[in-house]
Amino acid sequence: MSAGSAQAPRLEFACGCADRAVVEVKLSGERPPPAAECSACGRRHDLHVEVLTESAGLRGCLACGHPELYRQKDFPRGVGLAVVVGAAVLAPFTYYLSLVAAALLDAGLYWIAPDRLGCYACGARHRRFAPEPRHPAFDREIAERLAYGERAVMGKPMRPGGTAGAPEPEH
């Protein structure tokens, strides 16, 4: 893992306490700590360090150990929304060219935004971990299967070993 704190891998997950606190763990050094503590309630959460690969990638969730993760862009949605709203407000004054500019700006920001991994089971967010093994983008079938179990309308059987190295969903 990288030693620089600006680029150090990071884990965020919900504690579940009454304060609805988010536990943040910045990882530096060779191995992450075995546990993290909630700053609001003091509850100790064991981390599943066994899911880390030798190259600091993830085979599963550090917070809950579940093997199913998805990849998504790590970009603040509020910024994207502000670009669109700003362009819409300016549209009548710019002969609607502001909408084209907003689309180009949004596409550019999308391409430069880094990826993060999310856990289907607990919602934890993993940032700046090694890209291998690669996890596919969000798959509604997996989310439905985990949320509703046998009652899921959609859903393929669980993948042996989770999503690490799995193909992209077919949509």
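Considering Arg10, Arg20, the condition of being among the basic types (Lys, Arg), surrounded by 16 or more Cβ atoms within 10 Å (Cβ to Cβ) and assigned by TED's automatic domain parsing to the domain that holds Arg145 is satisfied by Arg10 alone.
If you go through segment 108-137 and keep only what is in contact (Cβ under 8 Å) with a residue 12 or more places away in the chain, over 11 Å from Leu58 (Cα atoms) and out of contact with any strand residue (DSSP E or B) (no Cβ under 7 Å at 6 or more places or on another chain), you end up with Leu109, Pro114, Ala121. For segment 37-89, residues that are within 23 Å of Ile142 (Cα to Cα) and among the acidic types (Asp, Glu) total 3. Glu132 satisfies every condition listed in (1) at pLDDT 95 or above; (2) part of a loop (DSSP other than H, G, I, E, B) except (1).
Is it the case, given these coordinates, that Arg145 is within 15 Å of Gly60 (Cα to Cα), in the same structural domain as Leu11 (by TED's automatic domain parsing) and among the charged types (D, E, K, R)? No, not satisfied.
The values are calculated or read from the model by the stated rules, or taken from the named source; none is laboratory data. Only a predicted model underlies this, so the values are computations on that prediction, with no experimental measurement involved. Glycine gets a Cβ as well: all are built from the backbone with ideal geometry, and neighbour counts include every protein chain shown.
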